[in-house]
């Protein structure tokens, strides 16, 4: 019989480990560039700090690998409750930065509570959905899952942090779909969100969306009652979108407007996207070289250590460097989702779906944001952007997934 160490070496998902470490390495290289030259005045030394966080994150991941699945199952609701309390405390006594209360300060350390909240939500949803008597097609069971995700979303939105609130929704939908949510029900949930985005863009995109929706309903041929429900919901969303717009924070409105027309305010709200596109475009195929990015070194590109670190890598390492980062991200997400197929319990499978969805959404939105295909939401590129609390919680998430893989034959 194999010893625990032999079992670890044999069944550990080394491609997943390699992808995660490769992304962190890309991040540290990007941070070295982002903190060199004129741009270094505010962010000097962050690469070294990130390396120290990496050492701690690796320790957390190794510890998580060795923790049995039943432990995560047992503390899932407890961790969810702790994360909700932490989010409430953040609103009450949190540290503000750039108009948002997103950190709890413990002595000299600050921790972003929404990060551990993601893990708490994933574990709580995984535990609830893994019960054999739960069926998300039943309204009661589905309502419980909605309640689990709505509580943290409301608290995070009040910080305000709309981008992170959307991450919670992006975790929720794949998990309930994996639990057996029907395509028709998923359509009823997703289309109103797409509808609102199109309505923000103007009446022509909204009309195009409605025509596409009619075509989809014609091909699916759902029961008449569901056709009426979906149609009414989308019409109502399209009509009330102006009211929703008025309730958004001014900076959120500017981000949405900038997404559709960044050139309208090139020195204001559109500045970030335009400079990011310039940086990536100027990198060409092979890039300008390490520490040779003019947009980065001369501080034209904002938030180079967090939101726009992908643009830093694109400028200095070109199309090839950008493709390497994207490929590593695709490999990471694929291996996590693959683990959901081979996990030896429903609970572990749902956790893998949640973790994979979290990484996928962050990657799609952040990279899309830097090239102008998504609005600026403030979402970092996980494992690449600077952030100690993010790196620790992501190390925990990856460690859990790797642990499920090691024990998949038990």
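The values are calculated or read from the model by the stated rules, or taken from the named source; none is laboratory data. Note that the coordinates shown come from a computational prediction; the quantities given were computed from them, not determined experimentally. When we count neighbours, we look across all protein chains shown, and the Cβ atoms used for this are built from the backbone with ideal geometry, even at glycine.
Tabulated values for the structure
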| quantity | calculated |
| --- | --- |
| Any hit, the stretch 323-336, residues being touching a residue at least 60 places away in the same chain (Cβ under 8 Å), surrounded by 21 or more Cβ atoms within 10 Å (Cβ to Cβ) and closer than 16 Å to residue 115 by Cβ | no |
| Qualifying positions in the stretch 50-73 - surrounded by 19 or more Cβ atoms within 10 Å (Cβ to Cβ) and assigned to a loop (DSSP other than H, G, I, E, B) | none |
| Residue count for the stretch 152-171, restricted to those that are more than 12 Å from the chain's Cα centre (by Cα) and over 22 Å from residue 250 (Cα atoms) | 1 |
| Conditions (1) surrounded by fewer than 20 Cβ atoms within 10 Å (Cβ to Cβ); (2) farther than 24 Å from residue 359 by Cβ: number failed by residue 200 | (1) |
| Given (1) at pLDDT 90 or above; (2) outside any helix (DSSP H, G or I), index of the condition residue 302 fails | (1) |
| Complete set of residues in the stretch 202-251 that are out of contact with any helix residue (DSSP H, G or I) (no Cβ under 7 Å at 6 or more places or on another chain), at pLDDT 75 or above and in a loop (DSSP other than H, G, I, E, B) | 221, 223 |
| Count of residues meeting criterion [buried (at least 24 other Cβ atoms within 10 Å of the Cβ) and part of a helix (DSSP H, G or I)] in the stretch 360-377 | 5 |
| Residue match in the stretch 178-190 (condition: in contact (Cβ under 8 Å) with a residue 24 or more places away in the chain, outside any helix (DSSP H, G or I), surrounded by fewer than 21 Cβ atoms within 10 Å (Cβ to Cβ) and in contact with a strand residue (DSSP E or B) (Cβ under 8 Å, 6 or more places away or on another chain)) | no |
| Condition met for residue 23 (touching a helix residue (DSSP H, G or I) at 6+ places or on another chain (Cβ under 6 Å), in a helix (DSSP H, G or I) and modelled with pLDDT under 80) | no |
| Residues being in contact with a helix residue (DSSP H, G or I) (Cβ under 9 Å, 6 or more places away or on another chain) and more than 19 Å from residue 357 (Cα to Cα) - total across the stretch 114-139 | 6 |
| Pairs, first on the phi < 0 side of the Ramachandran plot and surrounded by 24 or more Cβ atoms within 10 Å (Cβ to Cβ) in the stretch 115-142, second modelled with pLDDT of 90 or more and part of a loop (DSSP other than H, G, I, E, B), C-beta under 8 Å, six or more apart | 129/179 |
